[in-house]
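Here's the structure we're looking at; comments come further down.
Each reported figure results from applying straightforward, stated rules to the coordinates on display, with no laboratory input. Remember, it's a predicted structure, so these values are computed and weren't measured experimentally.
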Amino acid sequence: MLRLLYITLLASLLGACVSAPTRSDSGAFKLTQHGEIPTSSTQLFTDCLMDGFDASSIMLANVAVRQQRRTERYRVEVLTQSSVLLSADVFDNGRVELHESSAAALVNLSKEHKAFSDCLSRFRGAS
């Protein structure tokens, strides 16, 4: 019995050491949607994503949306605890991409995907 308890404890500790994937992990994210918007709409598109992801994630417990300014782009991410579930890049040249993490395999992110599509439809034809 003590041996079983020890094995369970060891497995739990080793499981906690596994790190969540980041965008720099090759193969951990797949491109699910992409498109082009006018370069003058990049900040407005980013705001649209923030609002859409915030509204979509209201039912998920412990989910946050963050925006970062990176070299030549904005990045908007949906996170839970330490895992990035979705990551959208809005490039200064108007290219937009949505990437889904392998960590999101069991999470329904259809509303977040719809929010990206809605923002893309809204700004694709804007000038």
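Here are some notes:
- Nonlocal amide H pairs with Gln33, under 5 Å, H built at 1.01 Å: Leu98
- Mean separation of Cα pairs under 8 Å and 6 or more residues apart, divided by the residue count, gives the range 27-124 a relative contact order of 37 percent.
- Relative contact order (%) - the range 62-113, alpha-carbon pairs under 8 angstrom, separation at least six: 24
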